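I have placed the structure first, in the form of structure tokens, so that the comments after it can refer back to it.
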Amino acid sequence: MAADPETNSELDVVVIGAGPAGLTAALYLARYRRKVLVLHDGRSRALRIPLTHNAPGFPEGVRGPDLIARMTRHAVQYGAAIQKAEVAAVKALAGGFSLNLTDGPTLVSRAVILATGVDLNQVDLPERVHEAAIRAGVLRYCPICDGYEHFGKRIGVIGCDTNGAAEALFLRGYSQNVTLMPLDRPELSSAEARVLADAGIRLEAGALRALEPGADDVTVRLDTGASLAFDVIYPALGRRPRSILAEQLGLVLTEAGCVTPDAVFESRVAGVFAAGDVVEGLDQISVAMGHGAVAGTRAHNWLREQEQATLQSRT
Ligand SMILES: Cc1cc2nc3c(=O)[nH]c(=O)nc-3n(C[C@H](O)[C@H](O)[C@H](O)COP(=O)(O)OP(=O)(O)OC[C@H]3O[C@@H](n4cnc5c(N)ncnc54)[C@H](O)[C@@H]3O)c2cc1C
């Protein structure tokens, strides 16, 4: 049942994205005996996870690349095809969708699942240094994922705005030693500053001048001349949903640029579904998997409805 990109006119569903959302959708669709092709540009955020401890079923933790490798093998085992290719554009046609690849042919599919994730707004470090700090676990971007691992540690949060304040308050549940620092300048209201002070969170006013990650800690230098050492730094700088293809298709986006949650079940464009981080909600592996299962099943049932309607029109 493997879908062959060379004979793509037969494709039932193209899933864009090979992260936890897209690979779960592909697994379900392959087991529904659908011809499914997964396209991805190699940038699943899950591939950057050094070791996750909150993926259900992995009590010892699992490395992100290992999880993606297992999920890929699982989907392929049931017939899903997986191809590395960037989708530049997607368009609704009568009875299907065309997908233009950046380097490759135009594919045609009956339905589409968008599982395209988000990009992080990151601190400005050379890529090699940045990724080494992530692997060392001294630079983190997801308090929900790994706040637990930093019980009692010296935690620095970068981003002195409402979002940063919320992350600092969340992390305060794990440590009494939390400091909030601006990237540039503080943007907190006096009410927010008071709530943080009441919670015992230290506020630094100086702009970030340098971030120097080591093997076990990070030194932060501010333009006030202060030099601070932390066990872990959480930049709270927001994210950019990878929703350009959703926009091209005319899906409804939130103010933040995410796809609205209804698109997991049914979007305003018949035959288009969405799953994972690109959908507004909780950006987590387990949520992405759940979305993938729902979107894959909805796509299958939608195709069945189309097939029944075609049969009835012939009788
Ligand atoms: C450092 C780090 C640590 C994390 N730790 C945890 C953790 O411990 N627990 C947890 O639950 N979550 C964690 N997360 C979050 C987790 O990685 C995401 O929630 C999860 O990967 C979302 O899955 P997804 O499938 O929606 O998106 P992603 O995994 O990001 O996959 C998106 C896919 O879309 C593809 N794509 C996008 N646009 C295109 C295009 N135009 N053409 C082709 N392909 C495209 C990408 O190539 C990729 O395959 C962490 C994230 C990071 C960065």
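The values are calculated or read from the model by the stated rules, or taken from the named source; none is laboratory data. Keep in mind it's a predicted model, so treat the numbers as computed, not measured. Note that each Cβ is placed from the backbone with ideal geometry, even for glycine, and that neighbours are counted across all protein chains shown. What goes into the accessible areas is simple: the full protein's heavy atoms, side chains included, and nothing from ligands, DNA or RNA. Shrake-Rupley method; radii C 1.70, N 1.55, O 1.52, S 1.80 Å.
Overview of results
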item: Whichever residue in region 218-264 is of a type in the set (S, T, N, Q) and not assigned by TED's automatic domain parsing to the domain that holds residue 140 and, among such residues, is nearest to residue 40 (Cα to Cα); result: 243
item: Count of residues meeting criterion [more than 29 Å from residue 150 (Cβ to Cβ), not in a loop (DSSP other than H, G, I, E, B) and not β-branched (Val, Ile, Thr)] in region 24-60; result: 10
item: Lone qualifier among 20, 50, 59 - being under 22 Å from residue 282 (Cβ atoms), near the ligand (Cβ under 6 Å from one of its atoms) and assigned by TED's automatic domain parsing to the domain that holds residue 98; result: 20
item: Hey, residue 187 charged (D, E, K, R), open to solvent by 50 Å² or more (accessible area, probe 1.4 Å) and either assigned to a strand (DSSP E or B) or in contact with a strand residue (DSSP E or B) (Cβ under 7 Å, 6 or more places away or on another chain) (or both) or not; result: no
item: In region 290-307, residue most open to solvent (accessible area, probe 1.4 Å) [restricted to those that are in contact (Cβ under 8 Å) with a residue 24 or more places away in the chain and either more than 16 Å from the ligand (Cβ to nearest atom) or at positive phi (or both)]; result: 298
item: Long-range neighbours under 6 Å by Cβ, at least six apart or interchain, first residue of a type in the set (Asp, Glu) within region 213-225, second open to solvent by less than 60 Å² (accessible area, probe 1.4 Å); result: 217/229; 217/231; 223/206; 223/207
item: Options 94, 80, 3: the member that is modelled with pLDDT under 95, in contact with a Leu (Cβ under 8 Å, 6 or more places away or on another chain) and more than 12 Å from the ligand (Cβ to nearest atom); result: 3
item: Tally of residues being more than 9 Å from the ligand (Cβ to nearest atom) and surrounded by fewer than 18 Cβ atoms within 10 Å (Cβ to Cβ) across region 139-148; result: 1
item: Residue that is farthest from residue 212 (Cα to Cα) [pool: residues in region 238-251 that are in a loop (DSSP other than H, G, I, E, B) and at pLDDT 95 or above]; result: 250
item: Any pair with Cβ under 6 angstrom, 6 or more apart, that starts in region 232-246 at a residue that is within 18 Å of residue 182 (Cβ to Cβ) and ends at one that is of a type in the set (Gly, Ala, Ser) and outside any loop (DSSP other than H, G, I, E, B); result: 233/156; 236/164
item: Cβ-Cβ under 6 Å pairs, at least 6 apart or on other chains, region 22-51 side of a type in the set (Gly, Ala, Ser), far side open to solvent by 20 Å² or more (accessible area, probe 1.4 Å) and part of a loop (DSSP other than H, G, I, E, B); result: 30/78
item: Filtered residue count, region 269-289, keeping only those that are open to solvent by 30 Å² or more (accessible area, probe 1.4 Å), in contact (Cβ under 8 Å) with a residue 12 or more places away in the chain and either more than 7 Å from the ligand (Cβ to nearest atom) or hydrophobic (A, V, I, L, M, F, W, C) (or both); result: 5
item: Given (1) assigned to a helix (DSSP H, G or I); (2) farther than 19 Å from residue 28 by Cβ, number of the condition residue 73 does not satisfy; result: (2)
item: Residue 82, sole failed condition from (1) closer than 19 Å to residue 48 by Cα; (2) in a strand (DSSP E or B); (3) aliphatic (A, V, I, L, M); result: (1)
item: Unmet criterion (only one of (1) surrounded by fewer than 20 Cβ atoms within 10 Å (Cβ to Cβ); (2) more than 8 Å from the ligand (Cβ to nearest atom); (3) free of Cβ contacts under 8 Å to residues at least 60 places away in the same chain) for residue 136; result: (3)
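Listed here are the residues, each with its yes/no results for (1) open to solvent by less than 50 Å² (accessible area, probe 1.4 Å); (2) at pLDDT 95 or above.
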| residue | (1), (2) |
| --- | --- |
| 105 | no, no |
| 111 | yes, yes |
| 122 | no, yes |
| 150 | yes, yes |
| 153 | no, yes |
| 159 | yes, no |
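Yes/no per residue for (1) on the phi > 0 side of the Ramachandran plot; (2) outside any helix (DSSP H, G or I); (3) in the same structural domain as residue 91 (by TED's automatic domain parsing); (4) touching a strand residue (DSSP E or B) at 6+ places or on another chain (Cβ under 6 Å):
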{"position": "209", "(1), (2), (3), (4)": "no, yes, no, yes"}
{"position": "216", "(1), (2), (3), (4)": "no, yes, no, no"}
{"position": "277", "(1), (2), (3), (4)": "no, no, yes, yes"}
{"position": "287", "(1), (2), (3), (4)": "no, no, yes, no"}
{"position": "309", "(1), (2), (3), (4)": "no, no, yes, no"}
